[in-house]
Amino acid sequence: MFRRRRPLLRAAAVGGGAYLAGKHMARASDQRASDEAYQDDRINQLEQQQAPPPQQAPPPQAAPAAGPSMADQLQQIAALHQQGMLTDDEFAAAKAKLLSS
């Protein structure tokens, strides 16, 4: 007896198996892409949480001193007095003026 081959049935079986395998691979690829996107989003969120806060303007510096301190001014007029540039009366007047302010 002669056996008939069924090429159409064989082709359908092979083609169907290939289709299912391709569909499975596409699903797996989509799942991997979805997982990677989720991981990227999660990493971005964690990086934003750990990022230092934005820089704020530095606090204003203290206003510069209005001038030399009283002790410095007294030393200056005392030095001028010792050098002879101020008389005793001028020295006493400048000293009194500094101490009264």
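Where a number appears in this text, it was derived from the coordinates with a stated rule and is not lab data. Quantities reported herein were computed from a predicted structural model and do not represent experimental measurements.
Would you calculate the convex hull of the Cα atoms in region 7-50 and tell me its volume per residue in Å³?
Values: hull volume 1.0 nm³, N = 44.
Expressed per residue, the convex hull around the Cα atoms of region 7-50 is 24 Å³.
Karplus-based coupling profile of region 72-87, in residue order and whole Hz: 5, 5, 5, 5, 5, 6, 5, 5, 5, 5, 5, 6, x, 7, 10, 6, with θ = phi - 60° in 6.51 cos²θ - 1.76 cosθ + 1.60 and x standing for Gly or Pro.
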